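Trainee: A single structure is presented below for examination.
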Amino acid sequence: MDLRPGEGSGFFRAFAVLSLTIGGHTLLETARDALFLARLGPERLTLVYVAAAAGALALTPVATRLVKLTGARNALVVTLLVASFGAAWFRVRPPSAALVFALYVFATLSATILIAQFWQLASKVFSASQGRRLFGPLAAGGVLGALVGAAVATQLLQVTDVRSLLSVAALAYFAASLVATTIESPPPVVASVELGPTPAPPQMFRERFVVRLAAMAAIASITSVFVDYLFKLRVSSQMSSAELAPFFARYQLVMNAGLLLLQVGVTGRLVERLGVLGLVLLPPSLLTWTGVATVLSRGAFGAVVALKAGDAALRNSLGRVGTELLWAPVEDQTRFRAAVDVVATRGAQALGGGLLLLVLTRANATPTALAALCTCLSAAWLAIGIGIRPRYVELFRRALGRGSLERNLTLPELDLNAVEMLVESLARPGIEEALAALNMLAERQRTRLIPALILYRQEPAVLVRALELFGESGRRDWVTIGERLIDHENPDVQRAAVRAFGLIGDDAMLERASRHPSASVRAFALVYLAERRGHLPDGNALAWELFRDDTGPAHPLKRALIQALGLQASPEATRVLLELGGLPELAGDVTRALVRTGDSTAIPFLMERLAVAEDRAAARAALVRLGEPAEDALTKAVLDRSLSRRIRIHLPVTVAGFESARAVRSLLELLHDSNEGLVRYKALRGLERIALGTSLPISVPTIAAEIVKNGSEYLRLFSLAYAFDTAGPVRARTEVAVVRELLEDKVEQSRGRLARLLQIAHRSDDIKTVFSALRAPDRVRRAHAVEFLDALVRSLGRNSLEAAGVLRLVVDELPPAERVRRAAGLVPTPRDAREALELLSEDADRLLSELARHARQTLGWGRGSTPPIALVPSELPA
Amino acid sequence: MIISDNDRLLRELLLRTLFQSITGESLARMTELLVPRALAEGETLFTEGEPSERFWFVVEGKVRLEREGVAPWLFGPRSVVGSLDAFRDRPYTRTARVLTEAHFLELRRSDWLDLLDDDALIARQTIQSFAGRVHEMARRVPLQNDGELPHPAVATPGPFSTYQKILILRQAQFLESAGMQAVASLTALASEHELAVGQRPADAGLRLDRLYVIVTGRVEVEGTHGRERGPGDLLGGPGALQDPAAAAEARALVPTVLLGIHQQDYYDLVEEHPQLSSSALRYLATALERLVELEPPQA
């Protein structure tokens, strides 16, 4: 059992309370069944089911109110005392038919309320993650109590009559109440005056998850009523009155012994292996199969007993643990559970009783027919349970305080008000604001709304940007105001004006500018005229006569031509642009021009520009525009190790820009096969970008396999780093500290990669936030995050089991030593720092192995150690 | 939270006004993350000692950052308040009081760091514009030397082993909180250089597309009021993060050993190791704070 420091006291007290409570109930139940069947016969069972359900309908709200008013622990103590008194009362009264009937109702009601209150208390004392570990063993306490209760009943019945069991039951309940007072429980959440009402059914039905839970609880209850009746029918037809009590005691003994084995040996592992949802589906699955076997055996006594034992055992062990864990993410659990208890469970019991009565009065209900009905009900229970996963995940999502990742990464469109606001901004004095407004209008293709009057502003930056936009828009309403700007005092504005006239094809203005007093303006005009008339000279563009005077790093004329060619594609454009791009200072301008024009001959140039941060976005856009030939070239290049590292590391994200199935395949291959960490990381980023920006399918098995690989790497690095935590004074040595810190960073890095992989697998969830919640100060929030991730990973299909196991080990709240101990089966776990350094010195990571070898040598731990490198000061602080 | 299109446009306009080059997805994400806030005259935006989980863009109005015994800092529209503490990950060191009715856009520090983590371009632009501001102020404000320069991490002459390079880069102030993995990755890309007494980088044939970390020795940076830089400093000071050519103004006062990292490599690694950007911002915030203490902002 995985019991952690600080949990022991609470757990064992809860264990004792449940053992005593169920022990008492087993004694009570044995007496109840024997007395009822002996005195009233099975035909009255239908009435008692209905009566018990009606009683529960009346009492559950009272019990719920009690929990809210006094807290879960105190409510349980009160109910245990009442149950104790009730059992003692039935012991001292003569067993009339009415009293036996009332005893049956009392035993059923007390068990129902006590068990519900106990688990409510447990879910308050333990978080969802603790519950996953501890609810299984805790439920074993109930089974142990039932086993002891059954054993006591068997022994007592050999020396005394069945009613004496009631006295022992009363004592057990009383003892349970005493132990329960020692459990530390959170106080009640609200004062009595603030108590909210139990949610009305319509409100409850809005919670789809709760509706499913309610439906499952209802069908489980109806199934149980039918199974119980079938069982008692067969028992009463098979046994004499005197044999009933010893039979029920033995049945309880054997059934609970089997259940204890199941609980201790299987439940914990099943929770880890199947997850909460798998666990919840197990009881209806097994009941369905047992039901089929009972039908096929025509209701044989053994098969019926197995069916009843299966129902009782599974519902109170695996089913109970699963249901408790399912409730974990439900906010305002107490109210909703009360509603489910009242509306679903008790209502369904009453309905089950009524249905049974109907079946018995209208048809010849043979054991085979009843078994068939039980089978159908179990199958329906299973069918409803199968659809619960998405709602369960949704609930955790909500509990973590973040809805699904609603991305609105598009910029809003402009309505009339917005346009008005932006146009007003154009008139404001601030240059930055005017430029921002110009850019916002331009990006939304609303350049035509920019008033030509903006050209009356004084600031060169604003004028240049406005002229750029007017030129590219093809508008002509600004020409009259713009003409004067050719004579502006600022050369940048002059050139921008010539460029704008060139772009709108105003040859007359270009001619005028070609006679301008400024040599720069004249040259600009000539360049645009030549470009417009298609009279570009032959030969290498860098050697053209046109550019004879265009010297110095600015190259204004060449830049003007590059801009013009970028906007007005011509057959010669790519050749000329690439020739001009041969000059390093023009390469950026050429890259930006190639975003709009150019053919596949530009691909090698554009790939080289990926290495330059300032040009990367433009180069990517240009490559994506070129389509298939560029994608071909890039997917080949990602595997080309001879390519410069600076280019290679940017290829995966560039490939992602194509947003195609081929890009996905290529990135998955890289992620799987590349032996360069940074390239794999970039492939991961590229896939994440595709996952978040498109609906292209990404192979789930590959991602699940990567989760296993990265999770295992996390555990390997974690185990290595942990070896240094317990290394004593050596830990502080700089040589060791460097290795340790590097390992710790790598641990974080692999955790981050796991988050990205999960993000790819679950595009609509904000996985980053969930991972942040794993480190939240709030224990409940942390536990919700763990469960949420577990549920997400388990939905990855066939490959999910291994991935869930590894991920659980990574994200679960475990003391470091325990995480390392558990990781031992998956990855090498060094015993100490010395062994860790030995392992690391052979690590595939060249840097890590070099540093580990150095540390071993300096510490004298390696073979053929050399003297330490001289450092000043010799021991730097870690 | 659903934000109306008009609100988003207002935020976009402000963001574009503050960051000329912000575009696309980063811009859209920022507009989603910003929360508008309005305060009346006399109200407090944050108090000294509170955890610095947020910082604010001033849209309208004036704010005074005050602390007992020191000159107040005044901020007006289009400035950012609270960021120095947030970048240094420490509680607010001043109380921010609104002087005239003010409108802010609030950003959580963690959201901002997430954005830098996801968008290397924004990270780069932020570092560069911040570094540019520090550089420009360093040229204007006469900041005294810190006294004795730190001891070098490695005093032996090169060539350096990987381990030694790690020790050297670990001492670099702009990498102080970058984490060992980031430092180790930079180590693999770092090369050794030397400056003789009186030499400038150009004299030693050093290319000015690299960030040079001083390993041993001492340099003086022209135009920064005789300020000297030593082991762990960037040649050229914080401004080198904006433009490595800032190192051109440095002159070796004693024989000086340097480790050079191509600027492109540094910013490429920012994408993989986001701590590099938070560490650089922390370094720049420290440098800027020392400068603004001498020349308090006056709105």
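Trainee: Taking the condition of being crowded, with 18+ Cβ neighbours inside 10 Å and within 11 Å of another protein chain (Cβ to nearest Cβ), how many residues in the range A:457-476 meet it?
Mentor: 1
Trainee: Right, B:ALA96: touching a residue at least 24 places away in the same chain (Cβ under 8 Å) and over 21 Å from A:MET421 (Cα atoms) or not? Walk me through it before giving the result.
Mentor: On the way: touching a residue at least 24 places away in the same chain (Cβ under 8 Å): yes; over 21 Å from A:MET421 (Cα atoms): yes.
So B:ALA96 passes the test.
Trainee: With within 14 Å of another protein chain (Cβ to nearest Cβ) and either at pLDDT 85 or above or surrounded by fewer than 16 Cβ atoms within 10 Å (Cβ to Cβ) (or both) as the only criterion, which of A:LEU416, A:LEU411, A:LEU373, A:LEU358 stands out? Talk me through it step by step, then tell me what you get.
Mentor: Details: A:LEU411 fails: either at pLDDT 85 or above or surrounded by fewer than 16 Cβ atoms within 10 Å (Cβ to Cβ) (or both); A:LEU373 fails: within 14 Å of another protein chain (Cβ to nearest Cβ); A:LEU358 fails: within 14 Å of another protein chain (Cβ to nearest Cβ).
Criteria check complete, one pass: A:LEU416.
Trainee: Scan the range A:26-57 for residues that are over 14 Å from A:LEU99 (Cα atoms), assigned to a helix (DSSP H, G or I) and either out of contact with any helix residue (DSSP H, G or I) (no Cβ under 9 Å at 6 or more places or on another chain) or not hydrophobic (A, V, I, L, M, F, W, C) (or both) and report the count.
Mentor: Total satisfying the criteria: 8.
Trainee: Quick one: in the range B:148-183, of everything that is under 21 Å from the mean Cα position of the chain (by Cα) and at the interface with chain A (Cβ under 7 Å from one of its Cβ atoms), which residue is nearest to B:SER279 (Cα to Cα)?
Mentor: If we take residues in the range B:148-183 being under 21 Å from the mean Cα position of the chain (by Cα) and at the interface with chain A (Cβ under 7 Å from one of its Cβ atoms), then B:GLY179 is nearest to B:SER279 (Cα to Cα).
Trainee: Among the residues of the range B:118-127, are any more than 26 Å from B:ARG227 (Cβ to Cβ) and either more than 14 Å from chain A (Cβ to nearest Cβ) or of a type in the set (Gly, Ala, Ser) (or both)?
Mentor: Yes, that holds for at least one residue.
Trainee: On to the next question. Tell me the residue from B:ARG140, B:ARG97, B:ARG133 that is more than 18 Å from B:GLN275 (Cα to Cα), more than 14 Å from chain A (Cβ to nearest Cβ) and over 22 Å from the mean Cα position of the chain (by Cα), please. If you could, list the steps in order and put the result at the bottom.
Mentor: Details: B:ARG140 fails: over 22 Å from the mean Cα position of the chain (by Cα); B:ARG133 fails: over 22 Å from the mean Cα position of the chain (by Cα).
Residue meeting the stated conditions: B:ARG97.
Trainee: Same structure, new question: If we keep just the residues of the range B:234-283 that are farther than 19 Å from B:SER129 by Cα and among the charged types (D, E, K, R), which is nearest to the other protein chains (Cβ to nearest Cβ)?
Mentor: B:GLU272
Trainee: Another question, then. Cβ-Cβ distance below 7 Å, separation of 6 or more or different chains: which pairs start in the range A:843-857 with a residue that is more than 10 Å from chain B (Cβ to nearest Cβ) and end on one that is crowded, with 20+ Cβ neighbours inside 10 Å and aliphatic (A, V, I, L, M)?
Mentor: A:ASP843/A:ALA852; A:SER849/A:LEU840; A:ALA852/A:VAL739; A:ALA852/A:LEU837; A:ALA852/A:LEU840; A:ARG856/A:LEU837
Trainee: Kindly establish whether B:LEU195 is modelled with pLDDT of 90 or more, away from chain A (no Cβ under 11 Å) and crowded, with 23+ Cβ neighbours inside 10 Å. Let's see the steps before the verdict.
Mentor: Values: modelled with pLDDT of 90 or more: yes; away from chain A (no Cβ under 11 Å): yes; crowded, with 23+ Cβ neighbours inside 10 Å: yes.
Yes: the conditions hold for B:LEU195.
Trainee: On to the next question. In the range A:721-748, how many residues are in a helix (DSSP H, G or I), away from chain B (no Cβ under 14 Å) and either under 17 Å from A:VAL827 (Cα atoms) or among the hydroxyl-bearing types (Ser, Thr, Tyr) (or both)? Outline the logic, then answer.
Mentor: Let us first name the residues in the range A:721-748 that are in a helix (DSSP H, G or I), namely A:721-725, A:728-732, A:734-748.
Then drop every residue that is not away from chain B (no Cβ under 14 Å), which leaves A:722-723, A:725, A:728-732.
With the extra rule that they be either under 17 Å from A:VAL827 (Cα atoms) or among the hydroxyl-bearing types (Ser, Thr, Tyr) (or both), the set shrinks to A:722-723.
Residues in the range A:721-748 being in a helix (DSSP H, G or I), away from chain B (no Cβ under 14 Å) and either under 17 Å from A:VAL827 (Cα atoms) or among the hydroxyl-bearing types (Ser, Thr, Tyr) (or both): 2 in total.
Trainee: Which of (1) part of a helix (DSSP H, G or I); (2) surrounded by fewer than 16 Cβ atoms within 10 Å (Cβ to Cβ) is the odd one out, the single condition A:PRO94 does not satisfy?
Mentor: Of everything listed in (1) part of a helix (DSSP H, G or I); (2) surrounded by fewer than 16 Cβ atoms within 10 Å (Cβ to Cβ), A:PRO94 misses just condition (1).
Trainee: How many of the residues in the range A:677-693 are away from chain B (no Cβ under 11 Å) and in contact with a Leu (Cβ under 9 Å, 6 or more places away or on another chain)? I'd like the intermediate steps shown before the answer.
Mentor: So the first thing to find is which residues in the range A:677-693 are away from chain B (no Cβ under 11 Å), and the list is A:683, A:686-687, A:690-691.
Now narrow it down to the ones that are in contact with a Leu (Cβ under 9 Å, 6 or more places away or on another chain): A:683, A:686-687, A:690.
Here the count works out to 4.
Trainee: Another one. Hey, among the residues in the range A:543-579 that are in a loop (DSSP other than H, G, I, E, B) and of a type in the set (A, V, I, L, M, F, W, C), which one's farthest from the chain's Cα centre (by Cα)? Break it down into steps so the answer makes sense when it comes.
Mentor: Just the residues of the range A:543-579 that are in a loop (DSSP other than H, G, I, E, B), to begin with: A:544, A:548-555, A:568-572.
Within this subset, residues satisfying the condition of being of a type in the set (A, V, I, L, M, F, W, C) are A:544, A:554, A:569.
Values: A:TRP544: 62, A:ALA554: 53, A:ALA569: 49 Å.
In this case the residue turns out to be A:TRP544.
Trainee: Among the residues of the range A:146-158, is any surrounded by 24 or more Cβ atoms within 10 Å (Cβ to Cβ) and closer than 19 Å to A:ALA75 by Cβ?
Mentor: no
Trainee: In this structure, does A:ALA519 turn out to be more than 59 Å from the chain's Cα centre (by Cα) and either modelled with pLDDT of 80 or more or crowded, with 19+ Cβ neighbours inside 10 Å (or both)?
Mentor: Working: more than 59 Å from the chain's Cα centre (by Cα): yes; either modelled with pLDDT of 80 or more or crowded, with 19+ Cβ neighbours inside 10 Å (or both): no.
Spelling it out, it is not the case that A:ALA519 is more than 59 Å from the chain's Cα centre (by Cα) and either modelled with pLDDT of 80 or more or crowded, with 19+ Cβ neighbours inside 10 Å (or both).
Trainee: A further question follows. Tell me whether the range A:694-714 contains one or more residues that are part of a helix (DSSP H, G or I), within 14 Å of chain B (Cβ to nearest Cβ), surrounded by 21 or more Cβ atoms within 10 Å (Cβ to Cβ) and not hydroxyl-bearing (Ser, Thr, Tyr).
Mentor: no
Trainee: Restricting attention to the range B:172-179, does a residue exist that is over 30 Å from A:GLN749 (Cα atoms) and surrounded by 15 or more Cβ atoms within 10 Å (Cβ to Cβ)? Before the answer, list the steps.
Mentor: Pass one, the range B:172-179, residues over 30 Å from A:GLN749 (Cα atoms): none.
No, every residue in the range B:172-179 fails to be over 30 Å from A:GLN749 (Cα atoms) and surrounded by 15 or more Cβ atoms within 10 Å (Cβ to Cβ).
Trainee: Which ones in the range A:716-764 are without any contact (Cβ under 8 Å) to a residue 24 or more places away in the chain and among the aliphatic types (A, V, I, L, M)?
Mentor: The answer is A:ALA755, and nothing else.
Trainee: I'd like the full set of residues that are under 20 Å from A:LEU742 (Cα atoms) and touching a Phe, Trp or Tyr at 6+ places or on another chain (Cβ under 8 Å), limited to the range B:262-299.
Mentor: Scanning the range B:262-299 gives B:GLU272, B:LEU276, B:SER278, B:SER279, B:ALA280.
Trainee: Of all the residues that make up the range B:204-261, how many are outside any strand (DSSP E or B), in contact (Cβ under 8 Å) with a residue 40 or more places away in the chain and aliphatic (A, V, I, L, M)?
Mentor: Residues that pass the stated criteria total 9.
Trainee: Additional query: Among the residues of the range A:438-456, what is the count of those that are within 12 Å of another protein chain (Cβ to nearest Cβ), of a type in the set (A, V, I, L, M, F, W, C) and out of contact with any Lys or Arg (no Cβ under 8 Å at 6 or more places or on another chain)?
Mentor: Counting residues in the range A:438-456 that are within 12 Å of another protein chain (Cβ to nearest Cβ), of a type in the set (A, V, I, L, M, F, W, C) and out of contact with any Lys or Arg (no Cβ under 8 Å at 6 or more places or on another chain) gives 2.
Trainee: Just a yes or no: is a residue in the range A:353-361 within 17 Å of A:ALA217 (Cβ to Cβ) and under 40 Å from the mean Cα position of the chain (by Cα)?
Mentor: First, the residues of the range A:353-361 that are within 17 Å of A:ALA217 (Cβ to Cβ): A:353, A:355.
Right, trim to under 40 Å from the mean Cα position of the chain (by Cα) and you get none.
Looking through the range A:353-361, none of the residues is within 17 Å of A:ALA217 (Cβ to Cβ) and under 40 Å from the mean Cα position of the chain (by Cα).
Trainee: Among the listed residues B:ALA71, B:ALA96, identify the single one that is surrounded by fewer than 17 Cβ atoms within 10 Å (Cβ to Cβ) and not polar (S, T, N, Q).
Mentor: Details: B:ALA96 fails: surrounded by fewer than 17 Cβ atoms within 10 Å (Cβ to Cβ).
One residue alone meets the criteria, B:ALA71.
Trainee: Residue under question is A:SER750, and the condition is that it be at pLDDT 85 or above and either under 30 Å from A:ASP832 (Cα atoms) or basic (Lys, Arg) (or both); does it hold? So that I can check it myself, show each step before the final result.
Mentor: Working: at pLDDT 85 or above: yes; either under 30 Å from A:ASP832 (Cα atoms) or basic (Lys, Arg) (or both): yes.
It is true that A:SER750 is at pLDDT 85 or above and either under 30 Å from A:ASP832 (Cα atoms) or basic (Lys, Arg) (or both).
So that you can scan it fast, the table gives a plain yes or no per residue for (1) closer than 19 Å to A:ILE703 by Cβ; (2) within 14 Å of chain B (Cβ to nearest Cβ); (3) surrounded by fewer than 23 Cβ atoms within 10 Å (Cβ to Cβ); (4) touching a Pro at 6+ places or on another chain (Cβ under 8 Å):
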{"residue": "A:ALA617", "(1), (2), (3), (4)": "no, yes, yes, no"}
{"residue": "A:LEU643", "(1), (2), (3), (4)": "no, no, yes, no"}
{"residue": "A:ALA656", "(1), (2), (3), (4)": "yes, yes, no, no"}
{"residue": "A:LEU671", "(1), (2), (3), (4)": "yes, no, no, no"}
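Trainee: All but one of (1) in a helix (DSSP H, G or I); (2) within 14 Å of chain A (Cβ to nearest Cβ); (3) β-branched (Val, Ile, Thr) hold for B:THR286; state the number of the condition that does not hold.
Mentor: Checking B:THR286 against (1) in a helix (DSSP H, G or I); (2) within 14 Å of chain A (Cβ to nearest Cβ); (3) β-branched (Val, Ile, Thr), the one that fails is (2).
The values are calculated or read from the model by the stated rules, or taken from the named source; none is laboratory data. If you're wondering where the values come from, they're calculated on a predicted model, not measured in any experiment. All Cβ positions, even for glycine, are placed from backbone atoms using ideal geometry, and neighbour counts span all protein chains on display.
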